[in-house]
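A short write-up of the structure that comes next.
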Amino acid sequence: MALPSSIINQIIQQEILLDDLSDDDLASFCQTANLTYRSGEPIVSDQDYDFIYLPALKQRLPHHPLLQSVEPEGKGFSEEKVLLPEVMLSTDKAYSWEEINKWIGRLEKSAVEIDLELSLIQIKATPKLDGFAGFDDGTSLYTRGDGKKGSDITRVFDRGLQVYNDSGRGQGAGEIVVKKSYFEMHLSQNYEYPRNFQASLIKEKALDVKAQQAILDKAALFVPFTQLPTWSGDIGELSNQFERIVKNVLSTVDFDVDGVVFEVTNDDLKVQMGANRKFHRWQIAFKENKDKAQVTVLSVTPQVGRTGKITPVAELEPTQLSGAKIMRVTGHHYGLVKEQGLGSGSVIELTRSGLVIPKINRVLKSAPVDIPENCPSCGEKLQWESDFLMCVNHTSCPAQVIGKMEYFFKILANNDGFGIATIEKLYEHGIRKISQIYSLNESDLSVMGFGDKTSANLVNQLKRSTNEQIEDWRFLAAFGVGRLGMGNCENLLKSNSLDEIFELDLEQISNIDGFAELTAQMIVNGLGMIRSEFDLLSQHHFNLETTVLQKDLTVFSHILFGKKVVFTGKMSVARGEMQKQAKSIGIQITSSVNSKTDYLVIGQNVGQKKIEDAKKFDVKVITEQQYRIEIIK
């Protein structure tokens, strides 16, 4: 649920500290900050969002929907969303050379898999513009939206907006930006951030005089990524000259930039690395924050997670770091506490850079440590499992029970209202299982102390979560079985239906590609533990989209079976529906044309770049009508 504006203002003014926010409130604040940023009215700086709030969300709620897909578009775009000519994914981020080096390691591993010599891996670096992302197909300009659907904002070209370097329309993805020098001289008195100005160009309302003048002066532009200044070299050069490359690339344009984008240019390697639901794995953006501080630890407090892992949390002397007051930081695990002497009176080096913000870089001065013997939630004796202290009272430990119920709704991601505060209140009134929650009615909730309106909203959200279609693998992942994250759930359900998986034994799961014996054993045990709860929840008839079984695909004999196909242009039906149907009959869908592509299926208003790439890579081009003929043969 949305935070009240008064709470949002207190967070912005640091009257409520990051560490004092509940997981739900942090997630809600991040969503609000993201939406206002994308609508051109940011409530916090891009720096603070990237280095404080979003990384904190990654630490606490790594599977939150905001982190699993392209961030949604902000308010201010009333137009109906339309499918983009190409999917526009976000860019993964690194905050240190160590993280860039790990990315290079992943490139090298993939290169070995396709027999590509490491010395032949080519990288290019471009400035990461801090503008308003869009896609220009030569006829229309679209906002990025959620990466698949955006709004048509062609009106900005009708208003006279020019393309950078006078290079012409139809160059694909890019950003609407304003020259930094021009903004500081002519616009900074009227707009707090360049982002505010960029958004004003896009919105439906009439432009003000200053915006019109910026367009006339060619200070406001659409910059296709293909037109950006580029550094190119191999991975050896990148490793040896990283700092110099970053410094030089950041200085190449007169626009606001917030990092450097590195990407592979070898087509075969890009295909091999592929993408997840949010990022291309062959691309990464480097953003840096060098602020560090030496801080004294006041105490170390144990916290219990949903899996029973005990996390040490260091309570710190209040420390200002990059404009934020830091009072608490995770110690990761008790093996680290014991090894490095992270205890009351120890001194740590603290930083706000990295994927976990704030982060302990190292312990500068050790102190005696206090290792808990009993679970702080249920009092049971703790056990060591490698470096981790664990509470194995998985069925009765309050923190674990609450954490598992909260996790279910978080992963389902098709409901609102069931955050930690709601779950804790339900727990106080005897609720211990998700199946019990789905059996509640408004009267039950009212008796527990929920208001009439809240009770009605919660019941409606439960109905919504059963009626709104979700993937069967997401439903399975929500149960939180060890080693069954969303990716493994999808792989498992490609081999066996949801009803069949509970009968699988260790050998059967081990024989599935990607499941080692240890993982298989954990899955067998975990599925056994959730079986009764799964059966109870199944009685509520969730609207599940069934994963197509690999064995069912073998019945198809059409010429496109197993082929890599790219769809482009406007089709007679929504392109997303065509792609979904194609997957169900054994076609492999890709988003870009390269040497591994077999067919390019074209509709109307096709971008020239894909046609040129098809010729370059000798890819067969067929029309939508020809495609439909082939799949029914």
Open item on the list: Take LYS338 and tell me if it is basic (Lys, Arg), surrounded by fewer than 15 Cβ atoms within 10 Å (Cβ to Cβ) and more than 26 Å from the chain's Cα centre (by Cα).
Closed with: no
Open item on the list: Could you check segment 388-400 and list, in sequence order, the residues that are surrounded by 17 or more Cβ atoms within 10 Å (Cβ to Cβ) and out of contact with any Leu (no Cβ under 7 Å at 6 or more places or on another chain)?
Closed with: PHE388, ASN393, CYS397, ALA399, GLN400
Task: Selection from segment 530-544 of residues that are crowded, with 16+ Cβ neighbours inside 10 Å and assigned to a helix (DSSP H, G or I) - done: ILE530, GLU533, PHE534, LEU537
Task: Single residue of ASP152, ASP137, ASP146, ASP217 found to be farther than 20 Å from GLU86 by Cα and charged (D, E, K, R) - done: ASP217
TODO: Filter segment 163-197 down to the residues that are polar (S, T, N, Q) and farther than 27 Å from SER592 by Cβ, then identify the one that is modelled with the highest pLDDT.
DONE: SER181
Task: Residue count, segment 591-613 (criterion: touching a residue at least 40 places away in the same chain (Cβ under 8 Å) and either among the β-branched types (Val, Ile, Thr) or within 21 Å of MET273 (Cα to Cα) (or both)) - done: 6
TODO: Working carefully through the options VAL392, VAL401, find the one that is assigned to a helix (DSSP H, G or I) and more than 19 Å from VAL300 (Cα to Cα).
DONE: VAL401
Open item on the list: Quick test for you: out of THR623, THR590, pick the one residue that is crowded, with 16+ Cβ neighbours inside 10 Å and polar (S, T, N, Q).
Closed with: THR590
- [ ] Would you check which residues across segment 148-198 are under 22 Å from VAL606 (Cβ atoms), surrounded by 19 or more Cβ atoms within 10 Å (Cβ to Cβ) and among the polar types (S, T, N, Q) and list them?
- [x] SER151, GLN171
- [ ] Scan segment 323-343 and report the pairs whose first residue is under 19 Å from PRO368 (Cβ atoms) and whose second residue is part of a helix (DSSP H, G or I) and of a type in the set (Val, Ile, Thr), with Cβ atoms within less than 8 Å and a gap of 6+ or a chain change.
- [x] GLY331/VAL337; GLY343/VAL337
Open item on the list: Restricting to segment 71-95, count the residues that are modelled with pLDDT under 85 and basic (Lys, Arg).
Closed with: 2
Open item on the list: I'd like to know if segment 422-443 contains one or more residues that are closer than 26 Å to GLY308 by Cα, in the same structural domain as LEU537 (by TED's automatic domain parsing) and at pLDDT 95 or above.
Closed with: no
TODO: Provide a single number: the residues in segment 208-222 that are surrounded by fewer than 13 Cβ atoms within 10 Å (Cβ to Cβ) and touching a Gly at 6+ places or on another chain (Cβ under 8 Å).
DONE: 1
TODO: Could you name every one of the strands (runs of 3 or more DSSP E) located completely within segment 229-337 that has at least 1 residues being at pLDDT 90 or above and farther than 23 Å from ASP50 by Cβ?
DONE: 231-234, 257-264, 292-304, 310-321
Open item on the list: Just to be sure before I move on: is LYS124 in a strand (DSSP E or B), in contact (Cβ under 8 Å) with a residue 40 or more places away in the chain, charged (D, E, K, R) and farther than 25 Å from GLY576 by Cβ in the structure I sent?
Closed with: yes
Open item on the list: Please determine whether any residue of segment 407-423 is without any contact (Cβ under 8 Å) to a residue 40 or more places away in the chain, among the small types (Gly, Ala, Ser) and either in contact with a helix residue (DSSP H, G or I) (Cβ under 9 Å, 6 or more places away or on another chain) or over 22 Å from LEU498 (Cα atoms) (or both).
Closed with: no
TODO: Starting from segment 366-378, keep only residues that are under 17 Å from SER344 (Cα atoms), then list their pairs with residues that are of a type in the set (A, V, I, L, M) whose Cβ atoms are within a distance under 6 Å, requiring at least 6 positions of separation or different chains.
DONE: VAL369/VAL337
Open item on the list: Kindly evaluate THR547 against the criterion of being crowded, with 16+ Cβ neighbours inside 10 Å and not in a loop (DSSP other than H, G, I, E, B).
Closed with: no
- [ ] With the checklist (1) closer than 27 Å to ASN190 by Cα; (2) touching a Gly at 6+ places or on another chain (Cβ under 9 Å); (3) of a type outside the set (Ser, Thr, Tyr) in hand, flag the one item PHE225 doesn't pass.
- [x] (1)
- [ ] Hey, can you tell me all the residues within segment 404-435 that are within 19 Å of PHE475 (Cβ to Cβ) and assigned to a helix (DSSP H, G or I)?
- [x] LYS404, MET405, GLU406, TYR407, PHE408, PHE409, LYS410, ILE411, LEU412, ILE423, ILE434, SER435
TODO: Output yes when any residue across segment 558-579 is among the polar types (S, T, N, Q), touching an Asp or Glu at 6+ places or on another chain (Cβ under 9 Å) and in the same structural domain as GLY603 (by TED's automatic domain parsing), and no when none is.
DONE: yes
Open item on the list: Looking at segment 134-147 only, could you name the residues that are at pLDDT 90 or above and surrounded by fewer than 22 Cβ atoms within 10 Å (Cβ to Cβ)?
Closed with: GLY138, THR139, SER140
TODO: For VAL459, state whether it is in contact with a Leu (Cβ under 6 Å, 6 or more places away or on another chain) and hydrophobic (A, V, I, L, M, F, W, C).
DONE: no
Open item on the list: Consider segment 571-583. How many of its residues are farther than 18 Å from ILE629 by Cβ and surrounded by fewer than 18 Cβ atoms within 10 Å (Cβ to Cβ)?
Closed with: 5
Open item on the list: If I go through segment 360-387 residue by residue, how many of them are crowded, with 18+ Cβ neighbours inside 10 Å and under 17 Å from LEU336 (Cα atoms)?
Closed with: 4
TODO: Test LYS205 against the criterion of being exposed (fewer than 14 other Cβ atoms within 10 Å of the Cβ), basic (Lys, Arg) and within 34 Å of the chain's Cα centre (by Cα), and give yes or no.
DONE: yes
TODO: Output the residues belonging to segment 268-292 that are within 30 Å of ASP115 (Cα to Cα) and in contact with a Lys or Arg (Cβ under 8 Å, 6 or more places away or on another chain).
DONE: ASP268, VAL271, MET273, GLY274, ALA275, HIS280, ARG281, TRP282, ILE284, ALA285, PHE286
Task: Check on GLY526, closer than 26 Å to MET405 by Cα and not assigned by TED's automatic domain parsing to the domain that holds ASP136 - done: yes
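The values are calculated or read from the model by the stated rules, or taken from the named source; none is laboratory data. Given the structure is predicted, the values throughout are model-derived calculations rather than measurements. Glycine gets a Cβ as well: all are built from the backbone with ideal geometry, and neighbour counts include every protein chain shown.
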